[in-house]
Amino acid sequence: MPLDKLPQIPFGAVYFRKSNPPKADWERDYGVASEDGLNVFRHWFMWAAIERKPGVYDWEDYDRQMDLAAKNGIKTIIAELTHTVPDWAYRQWSHARQVRADGRPMTSNMGVSSATGGFSNNGGGAGALTMNAPEVKEAVGAFLKALATRYKGHPGLLGYDVWNEVNYAADVDFSDYMKADYRLWLQAKYGDLDTLAQAWYRYSYAGWDDIEPPHEVAAYPENLDWLEFKRQNYYDQMQFKIDTIRGIDSDCLIAAHGVGGAIPNMAANGSDDWLAASKVELYGLTWVPSRRGFKPWQNFFGPDLTRAAARGKPWWHAERPGGPLWLQPQVLGRDKEDGRVMDPEDIRTLTMTSFAAGATGVLNLRYRPLLDGPLFGAFGSYGMDGSRTPRSDMASAIGKWANAPEQKPLFAAKPVKGDIAILVIPEAQAWDYLLNHHHKPETYREAMWGAYRGFFDNGIQADWVHIDHIADYDTIYAPYPIMLTAEHAKALAAWVEAGGTLISEATPGYFGDRGKVGTVQPNNGLDAVFGVREDEVEFMPDIGDRIHFALDGRPVQGGGFLQSYRVTTGSGRGSFADGRLAVVENRFGAGKTMLVGTHPGIAYFKTSGADNLRYFADAFAWTGKTQQVQLSNPALQARLHEGPAGRILWVINSTREVQQATLSVGSGEATLGTVYWAGSGASASGTSITVPPRDAVVVQLL
């Protein structure tokens, strides 16, 4: 089995990107990496750097990487970068360039993360060229066959990483080839033009060639179809690449990694971590605090989302930074300590956070920094000259610890299921993107992240759950369910009726199939699930901060939309400041629901207010569940794992001060046993834990 080839804990870095590092340093770097406990390298095998002329391949530098890996006991992940287009191909197939919505073709640029040519601003398909053109698809397949044939069975090979950071540009592809395939997709979906006309409200198509993809981003059925077609199209191309490699080498590992981008970029950019993970044996993520922020909830969010998408498969932090980021727009104006540099202690915090969230491996996104281009000096834990640094020493210490035989039972344990799940509804995100594209209120992002933060800051483990997988959980929170297809609304109702506990923020399923507003709200039968009918609704997110309500007499700030209710079978639990009914609970079959007529998650995301923090604690208490792990100190984060050796507790201290806490597990106390990781000044005894600054304690529970 491909997964059997993995080390106990894959721990390494991305090393070779053609222009960097210097050839004279390769042998030394491999030797140092091996001595430092690194066991996996990933390299960028770029189509644009290898197929120098049609059918003429330059493998020399890549052969050397593979041979050095085998010599030094390091396994290689080949990152296929067929979205880097050879210059000859860009000229030869100029008719097959991907086209933006405004008619501009994609250009062939220098790649900021490799300082080599052939890149574009679109990571999907074949980059600047469209794989919907048969000749381009054939050329991509020929390169992948040559690649897989050359390295099949090589002692340095571990596997392949397909489609780097799985996503694509929002404004592509309007080429003739993409349009032709879109029309075929529509024919398969609708069957005839009359059916399409009724669905789209376009009544004058005389033939399928009259259909154009929508150039305007707007809330219409045709836009939903275009988003869905693009997603299927690019992921089918991912599958083509996987199948092509598998056709040559059936024993190799197939991996992929995203950017933890499903929230909020699944609709616009195709960052569907669930779909991507379903296609591979090993999934992962790029997560870089210099680009995303360095707060504890941010460091957990990406890993938690990736673990959810992997659905039990192993996953790794495929690109974790080990050094600074200079001059880039994501860091300007931020404090030095907010991810702009990476101290050794920051590397420890980030790595142990990923392990606590369930990662089964960690790779640094640079072994050493690039010497060329705008990302010079970025991310590497080793020095510009490849020398060891305190940062690389820290990574080495963690890697050797993780791969020691005595840690095998530790990493055999996996995170327990969360206390509650946060509901991810793809069509709700898609409709929000189409509704809000022009005036850009961030209601979706803020509601989703705000709910996650609200539970996180209360020490409540909130997992992410895709609406197609709700049977995996018994308690769900829906932060932004504004659109639900009739099929999904029916599934959600059946889940509650069978015993599920659902808390929903405002306007559940307000928009139904094809974005059509229901004349009865909540829509598609959800009025019976929640025991209410809508009284009034207000879509004014720009002044949503003026919304206030009470839950059981306790004040809460709203945000986003406002929806008030009339009770049918439910019972009121709170009102808006003007007296309209805001919160209703209901029994439905064997389950129960609570409907909150605004978005308190948005308010918490924006203000971090104490009232809204308490709201999320109260909402969880209403479910009747008990937290699996509780710490007396909110500055610490705890995650419980279970495995053959029993229960393991990971406690993370992201602050710069020593933190102490008392532990309780479930409804009682637990005794701390074998300590797997504890830095200087740490202690774990009885039910008391002391964690040094930017460090962790990992301990068995008895």
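The values are calculated or read from the model by the stated rules, or taken from the named source; none is laboratory data. From a predicted model like this one, the values you see are computed outputs, not experimental measurements. For neighbour counting, all protein chains shown are included, and Cβ atoms are generated from backbone atoms with ideal geometry for every residue, glycine included. Heavy atoms of the whole protein, side chains included, go into the accessibility calculation; ligands, DNA and RNA do not. Shrake-Rupley method; radii C 1.70, N 1.55, O 1.52, S 1.80 Å.
Values computed for the structure shown
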quantity	calculated
Matching entry among Glu487, Glu536 (being in a strand (DSSP E or B), more than 16 Å from Glu585 (Cα to Cα), of a type in the set (Asp, Glu) and open to solvent by 60 Å² or more (accessible area, probe 1.4 Å))	Glu536
In the stretch 237-262, the residues that are basic (Lys, Arg) and either outside any helix (DSSP H, G or I) or under 25 Å from the mean Cα position of the chain (by Cα) (or both)	Lys241
Answer residue from the stretch 653-672, given it is closer than 28 Å to Ala395 by Cβ and open to solvent by less than 20 Å² (accessible area, probe 1.4 Å) and is farthest from the chain's Cα centre (by Cα) among those	Leu672
Residue in the stretch 294-306 that is open to solvent by less than 20 Å² (accessible area, probe 1.4 Å), part of a strand (DSSP E or B) and of a type in the set (D, E, K, R) present	no
Strands (runs of 3 or more DSSP E) contained in the stretch 38-106 and holding at least 3 residues crowded, with 21+ Cβ neighbours inside 10 Å and either hydrophobic (A, V, I, L, M, F, W, C) or free of Cβ contacts under 8 Å to residues at least 60 places away in the same chain (or both)	40-46, 75-81
For Val675: the one exception among (1) aliphatic (A, V, I, L, M); (2) surrounded by fewer than 19 Cβ atoms within 10 Å (Cβ to Cβ); (3) in contact with a helix residue (DSSP H, G or I) (Cβ under 8 Å, 6 or more places away or on another chain)	(3)
Flag if Gly31 is in contact with a Lys or Arg (Cβ under 6 Å, 6 or more places away or on another chain), not in a strand (DSSP E or B) and not charged (D, E, K, R)	no
Number of the exception - Thr82 against (1) under 30 Å from Val32 (Cβ atoms); (2) of a type outside the set (Phe, Trp, Tyr); (3) touching a strand residue (DSSP E or B) at 6+ places or on another chain (Cβ under 9 Å)	(1)
Count - residues of the stretch 343-364 that are closer than 13 Å to Ser654 by Cα, open to solvent by 10 Å² or more (accessible area, probe 1.4 Å) and out of contact with any helix residue (DSSP H, G or I) (no Cβ under 6 Å at 6 or more places or on another chain)	2
Only one of Ala617, Ala590, Ala678 that is small (Gly, Ala, Ser) and in contact with an Asp or Glu (Cβ under 7 Å, 6 or more places away or on another chain)	Ala590
Pair list, Cβ < 9 Å and 6+ apart or interchain, from the stretch 293-322 residues that are on the phi > 0 side of the Ramachandran plot to residues that are open to solvent by 10 Å² or more (accessible area, probe 1.4 Å)	Gly293/Arg334; Gly293/Asp338; Arg311/Trp274; Arg311/Ser278; Arg311/His466; Arg311/His469; Arg311/Asp472; Gly312/Lys414
One residue from Tyr615, Tyr565 being free of Cβ contacts under 8 Å to residues at least 40 places away in the same chain and buried (at least 19 other Cβ atoms within 10 Å of the Cβ)	Tyr565
Pairs where the first residue, in the stretch 543-555, is at positive phi and the second is surrounded by 16 or more Cβ atoms within 10 Å (Cβ to Cβ), C-beta under 7 Å, 6+ apart	Asp552/Arg573; Asp552/Gly574
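Residue-by-condition table, conditions (1) at negative phi; (2) surrounded by 22 or more Cβ atoms within 10 Å (Cβ to Cβ); (3) in a helix (DSSP H, G or I):
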position: Asn132; (1), (2), (3): yes, yes, no
position: Ala169; (1), (2), (3): yes, no, no
position: Gln187; (1), (2), (3): yes, no, yes
position: Leu196; (1), (2), (3): yes, no, yes
